[in-house]
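*Asks:* One structure, as structure tokens, below. Some questions next.
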Amino acid sequence: MNPIAGLLLIFLDIIVGAIVVAVFLIMVTIATMKDSGSIAKKAFIILLVYVLLAVGTTNFLLYCVEPAHYRNHKADDAISRAIYEATGGTEIYYEEKDITSKGVLNYRYLFYEENEEQLAKMLKAANTVIQEENSPKIEIVCCVRIPSSGSEPVLSLSNYSDAEQEKAEYPSLQKLWIRGTAVSQTIYNIPETYQNLQGIKYLEICDNMSIITERDNIDWHEYFPDLETLEIIPEEPYN
């Protein structure tokens, strides 16, 4: 839950709740002493309004306020700005960027709202920048939302086949890694979602997507006509 929402709930339940209960008890006591039905009626109305307000506010804070976990950071370089301009920055959240120990410039994005065109737009926008510059090794990791306000990586795009290499061997994002997820209903578990991606030459399938590939007998060459390397890593059974 958002920390601010948590503080509001504590304030509503402890402080305001105590005040309302105290007022209710005082008004009921006065009504009993004076044998006044109007005061008792007002006391019950105050308590009822508080209960309804507390329940409504709690539901709103729990289910309608965006969790603090999902952060859409401001675009801070040519690639992130290109992706922002291509997608509008509302469906795809820019979560973070760092440089790994192997010299990979790593971007992490969250598909906050999913549609079948967003990945192709992201790929095209990033490639426009990469092809114009002497690019380092780049990886764009894409995540989806999962229950309990978390996220999980389901795919990545990169301009190299092996992070151990000193330089990127592709002039654009030509390697696609797909793992999918078993804990979320997402379009990125559906092979057809990837069919509009252009220029993919290296495809690596693993985890949940390897299960889907075997189950549905997916021929990935049908989705990627330029494919040169296909690597499918079978899902390892749990002991």
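*Asks:* Kirkwood Rh over alpha-carbon pairs of the stretch 68-135, then Stokes-Einstein at 25 °C and 0.890 mPa s: what D in µm² s⁻¹, rounded to an integer? The partial results should precede the final answer.
*Replies:* On the way: Rh = 12.5 Å.
Approximately 196 µm²/s, per Stokes-Einstein.
*Asks:* Cross-link candidates for Lys102: which aspartates and glutamates have Cα within less than 19 Å, leaving aside residues fewer than 8 places away along the same chain?
*Replies:* List returned: Glu139, Asp162, Glu164, Glu166, Glu169.
*Asks:* Let me ask something additional. In whole percent, what relative contact order does the stretch 166-222 give with Cα contacts below 8 Å and a gap of six or more residues?
*Replies:* 42
*Asks:* Separate question: What shape does the stretch 90-239 take by its C-alpha gyration tensor, where a ≥ b ≥ c are the square roots of the eigenvalues and a/c under 1.5 counts as rounded, a/b above b/c as prolate, and the rest as oblate? Let's see the in-between values first.
*Replies:* Working: a/c = 1.43, a/b = 1.21, b/c = 1.18.
Verdict is rounded for the stretch 90-239.
*Asks:* How big is the dipole moment of the stretch 91-222 about its Cα centre under a simple scheme where the beta carbon of each Lys and Arg is +1, that of each Asp and Glu is -1, and everything else is neutral? Debye, nearest 20, please.
*Replies:* Using Cβ point charges on Lys, Arg, Asp and Glu, the stretch 91-222 gives about 240 debye.
*Asks:* Work out from phi, with θ = phi - 60° and the Karplus expression 6.51 cos²θ - 1.76 cosθ + 1.60, the ³J(HN,Hα) of each residue of the stretch 99-108, listed in order in whole Hz, and give x for Gly and Pro.
*Replies:* 10, 6, 5, 9, x, 8, 7, 9, 10, 10
*Asks:* I've got another one for you. Just how large is the dipole of the stretch 89-143 about the Cα centre, in debye to the nearest 20, putting +1 at every Lys and Arg Cβ and -1 at every Asp and Glu Cβ?
*Replies:* 300
*Asks:* Can you check what the net charge comes to around Thr128, using other residues whose Cβ is under 13 Å from the Cβ of Thr128 (Lys, Arg +1; Asp, Glu -1)?
*Replies:* Working: positive: Arg81, Lys121, Lys124; negative: Glu85, Glu132, Glu133.
Taking every Cβ under 13 Å from that of Thr128, the sum is 0.
*Asks:* Arranged from highest to lowest average of other beta-carbon atoms within 10 Å per residue, in what order do the peptides 127-139, 177-189 appear?
*Replies:* 177-189, 127-139
*Asks:* Taking H placed 1.01 Å from N in the peptide plane, check which residues at least 5 places from Glu152 or on another chain put their amide H under 5 Å from its amide H.
*Replies:* Val144, Ile146
Every number here is computed from the coordinates shown, using simple stated rules; none is lab data. Quick caveat, the model's predicted, so the values are computed rather than measured. Positions of Cβ are backbone-derived with ideal geometry, glycine not excepted, and every protein chain shown enters the neighbour counts.
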